[in-house]
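Written out below as structure tokens is the structure these notes cover.
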Amino acid sequence: MSSIKKYFITLITFLVFDPLSAQTIGFTIDPTSGNSPITPYSYGSNASITDGAGNPVTNTFYRSGGNRLTAYNWENNSSNGGADYCSGGLCNHEDWYLLSQMNPAPPQNGSQKPATVITQFVQNNNAIGAASLITLQMAGYVSADGNCNCFVTITGSADAAGTHWKGVSFVKGAAFADPPLTTDKWVYMDELMNYLGIHLGFSSNGGAKFYDLDNEPALWNSTHPMVHPAQAGCAEVANKGISLATVITQYDNAAQIFGPVAYGWAEYVDNQSAPDTIVLGPYINGNKVQYLNYYLNQFGAASTVAGRRLLNYLDLHWYPEATGGGVRITNDNVTPAVAVARMQAPRSLWDPSYTESSWITWGTGGPITLIPRLQNAVNNYYPGTKISFTEYQYGAGEDVSGGVAEADALGIFSKYGVMASSWPDGSANDYYMAAAFKLYLNYDGSNSKFGDTVISALSSGANAVSWTSVYAAKDNAHPNRINVILINKDYSTNHNAAVTLNNLGVTQISSITAYRFDTAASMIYSPAAPAFTANTFSSTLPFRSATLYQITLNQNFPTNTPTTSGATATNSPTNTPTNTMTYSPTSTPTKTPTKTPTPSPTFSPSNSPTPTSTLSPTNSLTNSPTLTITNTPTPSPTGTVPTATNTGTNSPTSTASSTPTVTPTSSPTHTATKTATPTLSASPTNTPTVTPTFTYSSTATKTETSTPTKTFSTTFTQTTTNSPTLTPTPSATSTITLTFTSTPTASNDAPVGPVLIYYNPVTTAGPVTAAFALKDPADQISLKIFTTAFRKVQETTLSNVPAGMVQTQMDLVDKFGTPLANGFYYLLVTAPQGRSVGKILIFR
């Protein structure tokens, strides 16, 4: 979470509120329809949440993320607060803050073991049966020394001595040290993954299951101006993410990767007006989130090359911009207008009949329908990617309106198979937020849960969707039980529920127990059981309440195996609702930032120091940190790489005007000119250098009177000259690092076991240096190269190999001495204790 530098004028709609009379709303539940699995990870959190009795909620997973993790140094556990922590006008404080937030908190000094912030976090979660989502760094630099306990005023790139900052590189290209070397100027992500595998485990044996690719990259220049002073480009974020995901999955092939961890709508659309939005042109398809389209497409293409999925979740943050009475709902304001808007706001996640009052709907031209919109992007650009919101919040967790909104959102996430992690709103007593979670995770105090399979639940009647929400589930552990959650979002009127269970045959209701929170109680209590007849029952729903009905049947209902990963994200209500639940705001519209800053006390690893930038999708030079060059003194040139020159100029000019029906009186004029000159390099030791220059000038003039006219004139000029001369040092060799598994040796020569090596392009004639580690000495080791059809083309044998790190060179020729053709090959290393398989891409 972080503050936003983009501002908008809030659209105010004036409606008249009429008191309502109680209505009877019909609800139909069908256990034979709509069966789809509920991901257990719909109920995550970024921090501990406690109910009114002091009992913590046991969420299904916890996230260590947020702004603090962008500059976290895993080697010594120091971090930098960036713009989140300022005092006396000074920001970018370097300290041991993340250690102080741990439970229990270790001494705040450099004596802690490497990655303590990560390992203790995961171990604590394992102890309560919760999964872990950790964050790895990729903005460029991390804190060097928490002992400084000071405000840093020098950027990472200017800190040549490495006093305050260390550069982040994805690949070390040398033997790992345990503990890592802390006297150099770098931290390495592959070394971190190796360390975690040894001291914590991977996803299959006690380690973190989920990995975030840093945090809110579109805001790096505002949240971490000393780390990344310039606005991050679309290509930079995608390329860094691909490189980091490649490293993570190299070591943990079951790891689930999350990206781009975008802060909000402006990042979804164009990466916060990134300097290279020209690359988004081919991805404008009407869904309004062209940057996400681009990001998904880049990962899809990279995954094809890598031979494995590099992105599992399209990961976003969602802090609604909806307002009530001109006040944003994420504030703790609980006046009627704000409370009503807050309880209606979850409808923007799915409802095509609901248009909230926010600036986002200017861009969408109507309902936001966020989850279907995101599913459209996934289906078109990287099918199979799931959706996650690893930060979201509806505000006022201490008020019943916040609890109702949270309960509604959790039902929506359950229905659509979304993985989600709430961020407590920072108030002292988020008791209603806790009640909402417990309705799904522990409604009876005995750890009874909502269910594992969502079933069809529909409402009928005028305004049913405006006034109420309904969710239903069954649980394979209780085949004679159905749970139904009914939410009354009306601010001041009770409504009557008439519930019918369909398609149960001769099976009938045996008993019903209700569990509820409402305006009178933030703790879940059990009200009087509703009367029932056969397969119907009636109940009164108090205003601003959420009720779970545990329905026990007289026999088991037929079980249906879920066949989909979640409800189709294009569902619409059966009855077109009319929104009569919005209070009429009266305040004059004002400019408000698109997001409220909130501290992010969580943790993660890191990422690459040198910004990478691709200026267009088809005309660029990308330096990937997944290639490591090892220089040896032996003079044996392997060839030259031709010089590439690319010059292009694009000067599009656009003019747009509109006449909105608002009545602001301000007349701001803003002129901004920004010039960024990043330097790209493949790794800390690579020779090739690309120096592109962007010049972006923007002039926006707004003149607003009673009939405002807004005119925007933007000129974007991009001139790029890429003139790298790549001359490898004599005897440059590509290094491939292998880690042995305990897989038994097979009797044939076909590669077996998981692919542990990232996609590794070899751009010279060879040889390559294969580096691997042995737990025990071996009398004989064999290294074999196979085609993708498992045809062996070369074998090298080593004798009397000692334990520890081993390096050996292999020529890229077949057994007849013929150079291997371009393409993918497998490298299989076999030892008595097991074998390891990697991939090599030859691309000369």
Hey, which of these cross-link pairs are over 25 Å Cα-Cα: 113/386; 113/185; 386/449; 240/386?
113/386
Leaving out ligands and nucleic acids, and using a 1.4 Å probe, what accessible area per residue does region 274-324 come to in Å²?
26
So what's the net charge close to residue 289: Lys and Arg +1, Asp and Glu -1, counting the other residues with Cβ under 10 Å from its Cβ?
0
According to a simple spin-label model (label point 7 Å from Cα along Cα-to-Cβ), what is the distance in nm between residue 556 and residue 126?
3.5
For an R0 of 56 angstrom, estimate the FRET efficiency from the Cβ-Cβ distance between residue 103 and residue 818 and round to the nearest 0.05.
0.35
For residue 157, net neighbour charge (Lys/Arg +1, Asp/Glu -1) across residues whose Cβ lies under 14 Å away
+1
Taking N as the number of residues in region 121-274, what is its alpha-carbon radius of gyration divided by 2.2 N^0.38 Å?
1.09
Once neighbouring chains are kept in place and the probe is 1.4 Å, which whole percent of the accessible area of region 423-524 is contributed by carbon and sulfur?
44
Could you tell me the ratio Rg/Rh of region 457-532? Both radii from Cα atoms, Rh via Kirkwood.
0.96
The whole-number value in µm²/s of the Stokes-Einstein translational diffusion coefficient for region 24-179, with Rh from the Kirkwood sum over alpha carbon pairs at 4 °C and 1.567 mPa s, is 71
Counting heavy atoms of the protein chains only and a 1.4 Å probe, report the per residue accessible area for region 127-172 as a whole number of Å².
32
Hey, what's region 775-833 come to in accessible area per residue, 1.4 Å probe, Å²?
56
After finding the eigenvalues of the alpha carbon gyration tensor for region 308-381, what semi-axes result from the square roots of 5 times each, listed largest first in whole Å?
28, 14, 9
Taking the Cβ-Cβ separation of residue 205 and residue 113 as r and a Förster radius of 22 Å, what is the calculated FRET efficiency to the nearest 0.05?
0.70
Cα principal axis extents for region 143-183, largest first, Å
34, 21, 15
Segments 149-159, 345-355, 68-78, 487-497 sorted - mean Cβ within 10 Å per residue, highest first
68-78, 345-355, 487-497, 149-159
Please report, to one decimal in angstroms, the Kirkwood hydrodynamic radius of region 381-454 built from all distinct Cα-Cα pairs.
13.1
What order do you get for 173-181, 815-823, 296-304 when each peptide is scored by the mean count of other beta carbon atoms within 10 Å, highest first?
296-304, 173-181, 815-823
Evaluate E = 1/(1 + (r/R0)^6) for residue 462 and residue 536, where r is the Cβ-Cβ distance and R0 equals 25 Å; express this FRET efficiency to the nearest 0.05.
0.75
For region 91-109 and region 31-56, what is the separation of their C-alpha centers, rounded to whole Å?
29
Kirkwood Rh for region 427-563 from C-alpha pairs, in Å, is 15.5
Quick one: plug the Kirkwood hydrodynamic radius of region 307-455 (C-alpha pairs) into Stokes-Einstein at 10 °C, 1.306 mPa s, and report D in µm²/s.
98
What does region 245-385 give for Rg and for Dmax, in Å, if only its C-alpha atoms count?
17.1, 54
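The values are calculated or read from the model by the stated rules, or taken from the named source; none is laboratory data. Computed from a prediction, not measured in an experiment: that's the story for all the values here. Backbone-built Cβ (ideal geometry, glycine too); neighbour counts: all protein chains shown. Ligands, DNA and RNA are excluded from the accessible area calculation, which covers all protein heavy atoms including side chains. Shrake-Rupley method; radii C 1.70, N 1.55, O 1.52, S 1.80 Å.
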